[in-house]
Structures are given as structure tokens and as C-alpha cells.
Amino acid sequence: MDYLALEHFDAGYSALRALFDDPTELDADYQALRQTLNMPAIEYCTRTLITAESDCVTAGDRGLGRATTAVPRLGARCRRQIGALDVAAKRQLYFLIQDIILRGYLTDALLVKSPHPVSITDTQTIFQKWIPIIYSSSGSLSDSMANAVSTVADTAFSSLDVFMVQYGMPSLFDDSARMGEIVWPYAKSGANLRAVECGLYGS
């Protein structure tokens, strides 16, 4: 499987770009970003997280980065449904989740305009700093950042919701099922990943 390609970033950027009346400056920023993306590290991090989240075989509800099972991994919450997916549907689920993560990453990289340049490039260092903050308060986003990530990822959430309902999983928008609590951290994790690259978490 080709887990991550620049075309996947391009698709996420198209969603972000559509929110602007005049994206000229944003286009220039994206082209510059596109030339410097640390693809091996981003691919490793996203692939490891998505694979773990989709795990419907391992016993228990806990997933990567969680101190408790209050928010179970997706594969535990929808164990039967994900277990029944064929190869093509599992691939589709993978890329739907990846799209959400990448939109969070792009939102942080292009809208925050952090004064901190990318300072961490080693894949394992990035991963080890990133995973613990996804579900921790130390990785919380500001209200304005959370709103921006949510807006940019909105159509990606909707696409995932259509997929999940199609395959008998609870809707993301069914508050009683609390699926939003499982899926929202995917978008947040993308923003966290970019911030980690810029050295904003940990020593």
C-alpha cells in the first residue's frame, strides 16, 4: 500500500483552500511547505497511529497514547464491523482517517504561521514526543486553533461518517454513541504532529 504521497496532502489542501476568497498567499505558502515536508516521518507516525486505531483483534479497548480506556480505540469500539471489512474497505477507512490527520497538520502549518521553524527531523524522536500528547491535556489546542482544525476537517469527518454508517458503525454525529470523542483526536493529532516537528513539545 502507498500509505502517504504528496497527492494526499494536495487533497487536504484543496479543502483548506476552498475556505478562502483569495488563496493566493496561501497557495504560495503551501507550495513552499510541500517542498519541505518530512514525508518519511509523517508517513511513519500516521501509519502507526491509524494501524493501531484500526486494530480490531487485540483484546481490550486501550490504544496508543492513552492512559485510560475512557476513549477506546476505534477498532475496539467497532470490533465486529471493522473485522468484517474486506481489503478494499479497510484501505478506504485508512485513507479517510489519514485525510483527517493531514488536515489538522496543514491547518497548523499554514494558518498558525509559527515563528518556530521545524527543528526536529528524526522520525523516532518525533513519534515518541507526539504519541503521548494526542490524548493528554498537554497537547490541547487553543479554542481558536481547535475551531480552525474542525472547520478544515469538516468534510473529511462527513466522509468518514458516511463510510461508518454504510458499514454498520455508529454515526460520528450520534452523541449517545460518543464516536466524536474517538475521531476528533485524529484531527487534533495532525496539528500536534506539526507542533512537535517545530519543537513546541518536550525538551
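Structure summary
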read-out	value
Of residues in the stretch 167-202 being small (Gly, Ala, Ser), more than 28 Å from residue 86 (Cβ to Cβ) and not in a loop (DSSP other than H, G, I, E, B), the one nearest to the chain's Cα centre (by Cα)	191
Residue within the stretch 27-36 that is under 22 Å from residue 130 (Cβ atoms), out of contact with any Cys (no Cβ under 8 Å at 6 or more places or on another chain) and not in a helix (DSSP H, G or I) present	yes
Residue within the stretch 139-152 that is among the hydrophobic types (A, V, I, L, M, F, W, C), closer than 20 Å to residue 46 by Cα and crowded, with 21+ Cβ neighbours inside 10 Å present	yes
Scope the stretch 86-125; condition basic (Lys, Arg) and outside any helix (DSSP H, G or I); matching residues	113
Some residue of the stretch 42-63 being among the acidic types (Asp, Glu) and either touching a Pro at 6+ places or on another chain (Cβ under 8 Å) or at pLDDT below 95 (or both)	yes
Within the stretch 150-202, considering residues that are β-branched (Val, Ile, Thr) and in contact with a helix residue (DSSP H, G or I) (Cβ under 8 Å, 6 or more places away or on another chain), the one nearest to residue 76 (Cα to Cα)	182
Flag for residue 160 being crowded, with 18+ Cβ neighbours inside 10 Å and without any contact (Cβ under 8 Å) to a residue 40 or more places away in the chain	no
Search result, residues across the stretch 37-85 that are assigned to a helix (DSSP H, G or I), surrounded by 17 or more Cβ atoms within 10 Å (Cβ to Cβ), basic (Lys, Arg) and under 19 Å from the mean Cα position of the chain (by Cα)	77
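The values are calculated or read from the model by the stated rules, or taken from the named source; none is laboratory data. Since the structure is predicted, the reported quantities are computational estimates derived from the model, not experimental observations. Positions of Cβ are backbone-derived with ideal geometry, glycine not excepted, and every protein chain shown enters the neighbour counts.
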